[in-house]
1. Hey, got the dipole for region A:92-211? About the Cα centre, +1 on K and R Cβ, -1 on D and E Cβ, debye to the nearest 20?
2. At 7 Å along the Cα-to-beta-carbon direction for both A:E162 and B:E123, put a label point, then send me their distance in nm to one decimal.
3. So how far apart, in nm, are the two label points at B:N221 and A:V173 if each is 7 Å from Cα heading toward Cβ?
4. Gain in length, A:R29 to A:T55, computed as 0.36 nm per residue apart minus the alpha-carbon separation, to one decimal in nm?
5. Tell me which trypsin sites (Lys or Arg not before Pro) from region B:175-276 have a DSSP coil assignment and no more than 12 other beta carbons within 10 Å of their own.
6. Which is farthest toward the positive dipole end of the protein assembly as shown among A:A68, A:L149, B:L203, measuring Cα position about the Cα centre, with Cβ charges +1 (Lys, Arg) and -1 (Asp, Glu)?
7. Would you work out the relative contact order for chain B, in percent, from Cα pairs under 8 angstrom that are 6 or more residues apart?
8. Rounded if a/c is under 1.5, else prolate if a/b beats b/c, else oblate: with a ≥ b ≥ c from the C-alpha gyration tensor eigenvalues square-rooted, which is region B:124-295?
Amino acid sequence: MADSLILAIETSTGCGSVALTRGTLQQGRVLAEYTHRPDLSHSRRLLGSVREIMTASRLGWDQLDAVAVSLGPGSFTGLRIGMAAAKGIAMAAGLPLFGVTSLDGLACQCPPAGCQLCVLLDARKEQVYGAFYDAAAPGGNPQRRGEILGCTPEELSRLISEPTLMVGPGLEVYQESFAANPLITLVSPALIQPRAAMIGFLGAELLAAGTESTPAGLAPLYVRASEAEINLAKKKAADAASR
Amino acid sequence: MLILAIESSCDDTAAAVFDGKEETVLANVVSSQNEIHARFGGIVPELASRCHIEMIWPVVREALDQAGVSLDEVQLISATQGPGLVGSLLVGFTFAKSLAMVRGLPCVGVDHMAGHILSSMLEQERPEYPYTALTVSGGNTSLFSVASAVEYSRMGRTRDDAAGEAFDKVAKLLELGYPGGPVVSRLAEDGDPKAITFPRAWLGKDSLDFSFSGLKTAVMNYVHKLRQKGEPLKIADICASFQEAVVEVLVTKTVNAARANSHTRIALGGGVASNQRLRTLMQQACDREGLSLFVPRPAYCTDNGAMIALAGWYHYQAGRRVEWDDDAYSRSPLN
Amino acid sequence: MQPGNTASLPGAYQGHCKDMRTDDNQPLSCPGPMNLDQLSLFGRQLAGMLLPGDLLLLQGELGAGKTTLVQQIAQGLEVGADQYVSSPSYALLHEYSGRLPVYHMDLYRLSGEEDVEGAGLLDYLNHQGVTLIEWPDRLGSLLPDQYLEIHLAMVDEERRRLTLICHGKSWQLRCRELERLKSLPGAME
């Protein structure tokens, strides 16, 4: 199944992205990808885009191996629409369905930088969703370290004690909050945006790993701001333990 | 033709399988049903509308299973397109469109109000067109002139609270829990509907609009006064008198609407249509006026997929279809 | 949460208490009930000062007149008479189109912020319309910093006591303007 054909949907931010991928991030390719950026309702373009890439790629539904969808965190309404579409397609085509964390998809877009990675999305109310990743080993994907955090950019910045490459659409709004921290290297948010192709590659890995598909109960990831303190506490404890 | 219908406009996720040719309901499943919770792991969500995305798959599966139908046999998909919470509607509507797209099936978007207007057509004894429809629930109280399966014009609607909402709010006031509409009706059975004269909002001689906010306030003032005086509340009498005020206005205006339309048939729809006092007084009024009354069973009164299947089937025959990029809407063009 | 006011700008206006100041959202209590006609006029006049993105929180018990006030604000925002402003208790949200889009929410049936987000209501807090929320305590930590808090309390059947609290810079800057609304003189006392 290393060469599996995946239809992927990513709607965690203000844009909708759909892709057809073959194989995994390390040994795969993007067959088609359509990303719609304007602030249009997700629903208005999503299914039309799915149909377009299927038609353009001259592929039938029966040729797909699985459907992959972003679990978020992100815009809850956007995620629900993407997930409703993914579930409908999976049920109609009799395909397995896999959920992938939006931040993991973003992390996969970064070339190995030899330092830790911090990925962030805007969580509104002056907060971000963030996660840390170990620098990718040669031939491997970046590995997430710990829970997804929901906190203010300042809190996130205070957690950084080693050279860090910071990426993601969260920087569109909060770039300035990190400018003063000399350990942080910022990557233009225009470069790293949610892409369905990454969700497809990571979905292919779940399929190859024999992960069970449980489409019925799949739901968007909640990272509540109220949980921020708990998650932060966990991270601090984990960091202390690893030292 | 077998129709699969999906409804997710408010709290419940619902699905139904309907045989269009025979006009029979093969399955009608609602997410608050026990079967679904068993399938869902026994979790009863605090607020169902939060859970449409987790409910949609099990509810559709359960409907197909109960009907003994596989997805391969379904020939038409119908889904509620509006009105309601767009975030909730989009779960059912997008799921439905995706099913149709992959399966190469036609898909129809239905107005939730049309479902309630037509719901009495799900029964053996169904009204012929034209008829006057009263749709009355927690969210709506409206009168329609129904010319055909796809043509309806609104004659009146609530200017503030819906009738069902007034029941719920009075229940809250009397500390009977929320939603407490059914509790109020049950307690009213032991009360005297003439014990207290609560106001009826007629809104002008010929108006077919409704208003229940003033009635709610009148009940509140009555209760506050008694509480201030430290007098005991005759809960059953308050419930009965309140219910009488709501029902009397509903019955009178519905009969007036039928008369204005020169209709000989009245149909009810919506959750409050299963209120026993409303059914009784409406029947009496219809008998007096020489009108025929059609009321669906309670399962077709509350939000359900069967009515969306039926409305979808009619809309399909009238040539309506959705495009893949069509959006859900929050306000009904009918209301 | 932001402090309710600054030293130079009174954060709360209540009845005719112009000399009073509020600290950190401490509502003031003083006499000055309005009759329902005055309340309606206030609603329409308030509508005239509303800007895209404004958030109004409505507090008050059942029957205090929250929905009535929303109807008047909607009228002031040029929501057409064909769009009846009815209670959103059941549907959670009703949308209307006027001079600005109007989003009217009633969160009574929700248990807390997870429900608010889950029902997809959070998106409306960022819209460029006017959002009016009944039972706003359900917002929890989702509450933005800039909003006008409106308390309605029943004095008797015909009269209500109105309390306004300005939160965030956007409303503190409009506090004086609120005070000058003709519907809010101390004349009712």
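Just so it is clear, none of the values below were taken in a lab; they were calculated from the coordinates. Everything quoted here is computed from the prediction, not taken from an experiment. Every residue, glycine among them, receives a Cβ derived from its backbone with ideal geometry; neighbour counts consider all protein chains shown.
1. 200 debye
2. 7.2 nm
3. Reported label-point gap for B:N221 and A:V173 is 4.7 nm.
4. Here the answer is 7.5 nm.
5. Answer in residue order: B:K194, B:K205.
6. Sorting the options by dipole projection puts first B:L203.
7. Relative contact order for chain B comes out at 24 percent.
8. Verdict is prolate for region B:124-295.
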